[in-house]
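What follows is one structure encoded as structure tokens, with my remarks underneath.
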Amino acid sequence: MTLAWVTASAPAKINLHLGVGPVRPDGYHPLATVYQAIGLLDEVTVAPAPTYSVTVTGDPRLTLTDVPLDDSNIAVRAARLLAEHAEVHGAVSIRIDKGIPVAGGMAGGSADAAATLVACDALWGLASPRELLMELAGTLGSDVPFAIAGGTAVGSGRGELVAPAMVQGDYWWVVVESPEGLSTPAVYAEFDALHAGSPVADPVIPEALMEGLRNSDLKGVADAMGNDLEPAALRLRPELGEVLAAGVQAGALGSLLSGSGPSCLFLCEDEEHAVAVVAALRDAGLGPVSMARGPVAGATVERTG
Ligand code: C5P
């Protein structure tokens, strides 16, 4: 059956631990990270078209103007890559409906690339193995393979190598967005500047974090969470320190900068607790504030027509 269009979703990612090692000769940093996919989703709709194009819709507070609308958009690159690989002739129009903060350290662009790969795969009737899509994803960006995999996973290499992790339970997160995004390369460059002249150890994942996740021990997870990019991001945006402190003051179990920032994350006991923390942070004048549950599935076809 020929499809007229396909809509796929992909989730935001957070890093429960982001261990960063010394910069590699290729400019990337070796990572030891624990990813979790959470229920903030972007949706991507693809349809056959004479040329590649991309449009973006969604909540304007997600600073949609920062999303490139030309061939440099990672979703266009994803569609072209799969077409080339599968020898598909013809192009697609791509509509991205954003639910993930733009430049927030939650891999929104990577989610769009992952959703586009899965959507085009269905549109073109390719039925590619997941492993092939993940391999192509790794050439598009370090976080794209995880956006396909979803769940909770250990990431290594520059983040593109993912292995599922043993996890029990639900994790409720409160997310405080920032009015202005942060550039990932700028935060990594600040990390290098902070460590100039002193050796950086190879990154490792704390065993206490994995144990907490296996046992659904929320307090254990909160105590073991960490992000090596936090000092660098705080140097660029000192006010984020106040946001992180406000979440703990509002009763969250623990606080964490998301990826390279600037979104801040707060782990809560359960849904009810998350609702209370959201209210307290809004009362404190912070925002935009939202909540999401993890882990959720990776890129998925939602609807076809
Ligand atoms: O792989 P991706 O395109 O998402 O990476 C964006 C930028 O983030 C890279 O150009 C690099 O500056 C930085 N980065 C890094 N080490 C990683 C992942 C990303 O230095 N492991």
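Miscellaneous remarks
- The magnitude of the dipole of the range 57-127, with charges of +1 and -1 set on the Cβ of Lys/Arg and Asp/Glu and taken from the Cα centre, is near 140 debye.
- Residue-wise HN-Hα couplings along the range 21-34, as the Karplus relation 6.51 cos²θ - 1.76 cosθ + 1.60 with θ = phi - 60° gives them from phi, are x, x, 4, 8, x, 7, x, 7, 10, x, 10, 10, 9, 10 Hz; Gly and Pro carry x.
- In terms of its alpha-carbon gyration tensor, the range 75-206 comes out prolate; a/c meets the 1.5 threshold, and the first ratio a/b outweighs b/c.
- A protection proxy built from the mean count of other Cβ atoms within 10 Å ranks the segments 179-190, 265-276, most packed first, as 265-276, 179-190.
- Here the range 210-260 is treated with +1 on each Lys and Arg Cβ and -1 on each Asp and Glu Cβ, and its dipole about the Cα centre works out to around 60 debye.
- Based on C-alpha pairs under 8 angstrom that are at least 6 apart in sequence, the range 210-305 has a relative contact order of 20 percent.
- Under a model in which nothing but the beta-carbon of Lys, Arg (+1) and Asp, Glu (-1) is charged, the range 1-112 shows a dipole of about 220 debye around its Cα centre.
- Of the residues Pro50, Gly298, Ser72, the one whose Cα sits farthest toward the positive end of the charge dipole of the chain, with +1 on the Cβ of Lys and Arg and -1 on the Cβ of Asp and Glu, is Pro50.
- Phi angles of the range 198-206 translate, via the Karplus equation with coefficients 6.51, -1.76, 1.60 and θ = phi - 60°, into HN-Hα couplings of 10, x, 9, 6, 5, x, 9, 9, x Hz per residue; Gly and Pro are given as x.
- Over all projection directions, the Cα-based convex hull of the range 169-296 averages an area of 8.2 nm².
- Between Ala252, Leu234, Val278, the Cα set farthest toward the positive side of the dipole of the range 208-280 (charges on each charged residue's Cβ, about the Cα centre) is that of Leu234.
- Relative contact order (%) - the chain, alpha-carbon pairs under 8 angstrom, separation at least six: 27 percent
- Computed 3J(HN,Hα) for the range 213-220, one whole-Hz value per residue from the Karplus formula 6.51 cos²θ - 1.76 cosθ + 1.60 where θ = phi - 60°, is 5, 4, 9, 6, 8, 4, 5, x, glycine and proline marked x.
- Peptides ranked, highest mean first, by Cβ atoms within 10 Å: ranges 208-220, 9-21: 9-21, 208-220
- A simple packing score, the average count of other Cβ atoms within 10 Å per residue, orders the peptides 229-241, 245-257 as 245-257, 229-241, with the highest score first.
Rule-based calculations on the coordinates, nothing more; no lab input. Because the structure is predicted, anything quoted here is derived from the model rather than measured. As a convention, Cβ positions derive from the backbone with ideal geometry for all residues, glycine included, and neighbour counts pool all protein chains shown.
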